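Encoded as structure tokens, the structure appears first; notes follow it.
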Amino acid sequence: MAVKIRLARMGRHKRPTYRIVVADSNKARNGKVVDILGTYDPLNNNIVKYDEENAVRWIKQGAVATDTVRTIFNRSKLYSKVSEPVQEEAKS
């Protein structure tokens with residue numbers, strides 16, 4: 001099962017809002033989702049709210065973000081948090 005992080009459209013006619021979701025790549029755009037990460041509102045100053053820890057966890061597990069979601073994540077520097085090595089606590 002190929003998992004993608006993508007947008008699912010919500011909102012009314014000509015007033016879109018989107019959910020940032022993790023879904024099987026074979027499912028429909030607004031079909032069954034595995035996890036909901038957050039929301040994106042392109043009409044209201046591009047407001048983005050999402051759970052960074054959960055997004056990082058999914059990316060580390062191999063979920064691939066679509067181009068639009070990758071752009072959203074790049075604006076908030078999420079991929080720099082993914083590529084950072086995990087620091088272990090110093091043993092005293």
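What follows is calculated from the coordinates using simple rules that are stated; it is not laboratory data. Here the structure is a predicted model, which is why all the values come from computation and not from measurement. Ideal geometry is used to build each Cβ from the backbone, glycine not excepted, and the neighbour counts take in all protein chains shown.
Counting only lysines at least 8 places from residue 32 when in the same chain, those with an alpha carbon closer than 16 Å to its own are 4.
Report the relative contact order of segment 3-83, percent, no decimals, based on alpha-carbon pairs under 8 angstrom and at least 6 residues apart.
28
Loop sites here are trypsin sites (Lys or Arg not before Pro) outside DSSP states H, G, I, E and B with no more than 11 other Cβ atoms within 10 Å. The longest part of the chain free of them is 33-76. Per-residue ellipticity at 222 nm computed for the chain from its helices equals -7000 deg cm²/dmol, with DSSP H segments shorter than 4 residues left out and the rest contributing -39,500 (n - 2.57). Bridgeable lysines around residue 81 (alpha carbons under 18 Å apart, same-chain partners fewer than 8 residues away excluded): 49, 60.
Taking Rg and Dmax of the Cα atoms in Å as calculated from this structure, the corresponding entry among (1) 22.3, 59; (2) 14.8, 60; (3) 15.6, 56 is (2). FRET efficiency for the pair residue 75 and residue 53, taken as 1/(1 + (r/R0)^6) with r the Cβ-Cβ distance and R0 = 25 Å, rounds to 0.90.
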